[in-house]
Amino acid sequence: MRIGASVPSKDPARAMAERGADCAQIHLSAPRVWKHPLHRPDAADLCGSGIVVAAHAPYLCNPASGNAEVRAKTALNLQATLDEAERCGIAGVVVHAGHAAGGGDMTAALDRWIDLAHRLDSPVPVLIENTASGGTAPGRHLADLARLFEVLRAEDLAVPIGACFDTCHAWAGDPDAATDPMGYVKAFAEATDGIDLLHVNDSKDAAGAGRDRHVNLGEGQMGLETLEAMIVTCAELGVPAAIVETPSEDGGQTRDIVTIRQLLA
């Protein structure tokens, strides 16, 4: 398993070296606005290096939204991100599973996901990430996530669908993850037909709190024993890379990368 970090997009190789990382995740456009990626001048270099294992779609993207305009913008932005990821040789584009904001139940959220997925066309996989909050969020509870993957796998899509497992989101979103972290990861992998990327983050909040607040490893509510169970299980399942999305100030991500390596050892 390669160990890396979510780093600034300008010079990922330098950011990796500063953190002692094996790989990186980047944003191809500003994460909090509706802005499509520009063509990166270093696309050929990135494509040849293989150092960027994932790009994260903007946080505004919500395939399950009850707002048609949000879904339309999500589809356009995801397609643009997938296109640029292909140019850069990036292995997958991470997007949150979203929620039925603006109206509708879980069934409506799943139907909207199906509709949006049919609008995408790329050889680069969309990696659906579990989420920490929302009453109509198909990525929060394992049973709903399993339904999401079941309905998407049944469709004839022009884009591969994969999975990203986030430790903080699992802990804060679904109390079952705290009760049996090893079993939860295995059940997640079974429901999604495998885990393509691991996000390793501690949680500032208690199990099941429904809040997505990352902190550095060992500084939150999860405890290193729970994190170890999740990380080691993912490694045993063959997950190719783990990315920390924790604060980088004062060498926080560097310490987190060292911690992961120690837990795996």
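Of the numbered criteria (1) modelled with pLDDT of 95 or more; (2) open to solvent by 10 Å² or more (accessible area, probe 1.4 Å), the one residue 120 fails is (2).
Examine the stretch 34-48 for a residue that is closer than 25 Å to residue 201 by Cα, at pLDDT 95 or above, assigned to a loop (DSSP other than H, G, I, E, B) and in contact with a Leu (Cβ under 6 Å, 6 or more places away or on another chain), and state whether such a residue exists. Among the residues of the stretch 34-48, not one is closer than 25 Å to residue 201 by Cα, at pLDDT 95 or above, assigned to a loop (DSSP other than H, G, I, E, B) and in contact with a Leu (Cβ under 6 Å, 6 or more places away or on another chain), which makes the answer no.
Looking across the stretch 134-172, just one residue is of a type in the set (S, T, N, Q) and assigned to a loop (DSSP other than H, G, I, E, B), and that is 136.
Among the candidates 205, 212, 196, single out the residue that is more than 30 Å from residue 81 (Cα to Cα) and either in contact (Cβ under 8 Å) with a residue 24 or more places away in the chain or surrounded by fewer than 19 Cβ atoms within 10 Å (Cβ to Cβ) (or both).
Unique residue meeting the criteria: 205.
Residue 76 falls short on exactly one of the conditions (1) assigned to a helix (DSSP H, G or I); (2) in contact with a Leu (Cβ under 8 Å, 6 or more places away or on another chain); (3) open to solvent by 40 Å² or more (accessible area, probe 1.4 Å), and that condition is (2).
The C-beta contact set for the stretch 220-249 (first residue without any contact (Cβ under 8 Å) to a residue 60 or more places away in the chain and over 12 Å from residue 168 (Cβ atoms), second residue assigned to a loop (DSSP other than H, G, I, E, B) and not aliphatic (A, V, I, L, M), distance under 7 angstrom, 6+ apart or interchain) comprises 224/218; 247/216. When each of 259, 254, 246 is tested for being farther than 13 Å from residue 185 by Cβ, of a type in the set (Ser, Thr, Tyr), touching a helix residue (DSSP H, G or I) at 6+ places or on another chain (Cβ under 6 Å) and surrounded by 18 or more Cβ atoms within 10 Å (Cβ to Cβ), the lone residue that passes is 246. Taking the listed residues 175, 138, 160, 125, the one that is surrounded by fewer than 19 Cβ atoms within 10 Å (Cβ to Cβ), of a type outside the set (A, V, I, L, M, F, W, C), more than 26 Å from residue 225 (Cα to Cα) and touching a Gly at 6+ places or on another chain (Cβ under 9 Å) is 160, with no other qualifying. Evaluated against (1) at pLDDT 95 or above; (2) open to solvent by 10 Å² or more (accessible area, probe 1.4 Å); (3) of a type in the set (A, V, I, L, M), residue 101 falls short on exactly one condition, (1). Taking the numbered list (1) in a helix (DSSP H, G or I); (2) open to solvent by 10 Å² or more (accessible area, probe 1.4 Å) in turn, residue 220 passes all entries but (1). The single residue among 151, 95 that is touching a helix residue (DSSP H, G or I) at 6+ places or on another chain (Cβ under 7 Å) and open to solvent by 10 Å² or more (accessible area, probe 1.4 Å) turns out to be 151. For first residues located in the stretch 1-18 and in a loop (DSSP other than H, G, I, E, B), partners that are of a type in the set (Val, Ile, Thr) and lie 6+ apart or on another chain with Cβ distances below 8 Å form the pairs 1/239; 7/26; 8/26; 9/26. A residue that is over 19 Å from residue 127 (Cα atoms) and either in contact with a Lys or Arg (Cβ under 9 Å, 6 or more places away or on another chain) or not hydrophobic (A, V, I, L, M, F, W, C) (or both) occurs nowhere in the stretch 192-199.
The values are calculated or read from the model by the stated rules, or taken from the named source; none is laboratory data. Small disclaimer: the values here were computed from a predicted structure and weren't measured. Quick reminder, even Gly has a Cβ in these numbers, built from the backbone with ideal geometry, and neighbours come from all protein chains shown. Heads up: the accessible areas ignore ligands, DNA and RNA and are worked out on the full protein's heavy atoms, side chains in. Shrake-Rupley method; radii C 1.70, N 1.55, O 1.52, S 1.80 Å.
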